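*Asks:* I have a structure here, written as structure tokens, and I will follow up with some questions on it.
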């Protein structure tokens, strides 16, 4: 298929799946390869025939929706963001929780793919933050709509390439070699709960002190869906909780009750009672 054919198809199909074309501009070649594989599997000659198949077979839309997931994931992706989380955000949240007598911080990793993000967070907490707050635990709920990626996440074993951005001290402490793979040690896995959920339909109950919503909702979903998801997530965030978006994302239009975390890029703070929203 040509690039023009792929673009024309995506412009037709994406709105029907509550997805936005702008998010797929840079990854359309990856999507084109996946579409080509799907056409071969179905024995279809081109995207015109696939469009006809979609119009006559409602079940095929679910296959296309799954095909459009973009699981770009690695440990410590956007290093300066994770440094801010470990150096400023988590300590501030821990102090606030400790001041009210709480014993657990709750975190949501939304669109966790194969688990690199929640595992990175667990490593930061255990190595960088928890020593100053020994009476406080961190519980992470990690969700994704792809069951195969979640199975990889639960296994917790990765190729060395996905660890390249991880600081050396975290690599040394948190992994053990097993069959040529780098596997997360048990003590960095016990506080993570992996759930199969589609954010467009369901968000974990919470309440959460920290939500990582990076490179999923604000990039790939249509504006009305962004607003719906953000409203659900905001309702599950504690006052003063932190929201982390992708490094090149902005708050979805209509998201209320958030202020930029002072001096920290792409991190927002849920308004506390009495603050302007």
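*Asks:* Just to verify a result, which residue in segment 239-257, among those that are at pLDDT 85 or above and over 19 Å from the mean Cα position of the chain (by Cα), is farthest from residue 102 (Cα to Cα)?
*Replies:* Among residues in segment 239-257 that are at pLDDT 85 or above and over 19 Å from the mean Cα position of the chain (by Cα), the one farthest from residue 102 (Cα to Cα) is 257.
*Asks:* Quickly run through segment 91-105 and pick out the residues that are within 12 Å of residue 129 (Cβ to Cβ) and in a loop (DSSP other than H, G, I, E, B).
*Replies:* none
*Asks:* Examine segment 212-226 for a residue that is more than 16 Å from the chain's Cα centre (by Cα), closer than 25 Å to residue 76 by Cβ, modelled with pLDDT of 90 or more and assigned to a strand (DSSP E or B), and state whether such a residue exists.
*Replies:* No, that holds for no residue.
For every residue, the table says whether it meets (1) crowded, with 18+ Cβ neighbours inside 10 Å; (2) in contact with a helix residue (DSSP H, G or I) (Cβ under 7 Å, 6 or more places away or on another chain).
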site	(1), (2)
172	no, no
225	yes, no
233	yes, no
249	no, yes
267	yes, yes
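*Asks:* Identify, by number, the condition in (1) in a helix (DSSP H, G or I); (2) under 20 Å from residue 76 (Cβ atoms) that residue 108 doesn't meet.
*Replies:* Just one mismatch for residue 108, condition (1).
*Asks:* Answer yes or no: is there a residue in segment 142-156 that is closer than 20 Å to residue 207 by Cα and surrounded by fewer than 23 Cβ atoms within 10 Å (Cβ to Cβ).
*Replies:* Quick first cut of segment 142-156, residues closer than 20 Å to residue 207 by Cα only: 142-144.
Filter again for surrounded by fewer than 23 Cβ atoms within 10 Å (Cβ to Cβ), leaving 143.
Scanning segment 142-156, I find at least one residue that is closer than 20 Å to residue 207 by Cα and surrounded by fewer than 23 Cβ atoms within 10 Å (Cβ to Cβ), so the answer is yes.
*Asks:* If you scan segment 126-161, which residues turn out to be assigned to a loop (DSSP other than H, G, I, E, B) and within 21 Å of the chain's Cα centre (by Cα)? Talk me through it step by step, then tell me what you get.
*Replies:* At the first step, the residues of segment 126-161 found to be assigned to a loop (DSSP other than H, G, I, E, B) are 133-136, 145-146, 156, 159.
Answer for segment 126-161, where residues must be assigned to a loop (DSSP other than H, G, I, E, B) and within 21 Å of the chain's Cα centre (by Cα): 145, 146, 156, 159.
*Asks:* What about residue 64, is it modelled with pLDDT of 95 or more and in contact with a strand residue (DSSP E or B) (Cβ under 8 Å, 6 or more places away or on another chain)?
*Replies:* Values: modelled with pLDDT of 95 or more: yes; in contact with a strand residue (DSSP E or B) (Cβ under 8 Å, 6 or more places away or on another chain): no.
Criteria not met by residue 64.
*Asks:* Which residues, counting only those in segment 35-87, are in a loop (DSSP other than H, G, I, E, B), loosely packed, with under 15 Cβ neighbours inside 10 Å and without any contact (Cβ under 8 Å) to a residue 40 or more places away in the chain?
*Replies:* Residues satisfying the conditions are 43, 45, 57, 58.
The values are calculated or read from the model by the stated rules, or taken from the named source; none is laboratory data. Remember, it's a predicted structure, so these values are computed and weren't measured experimentally. We place every Cβ from the backbone using ideal geometry, glycine too, and count neighbours over all the protein chains shown.
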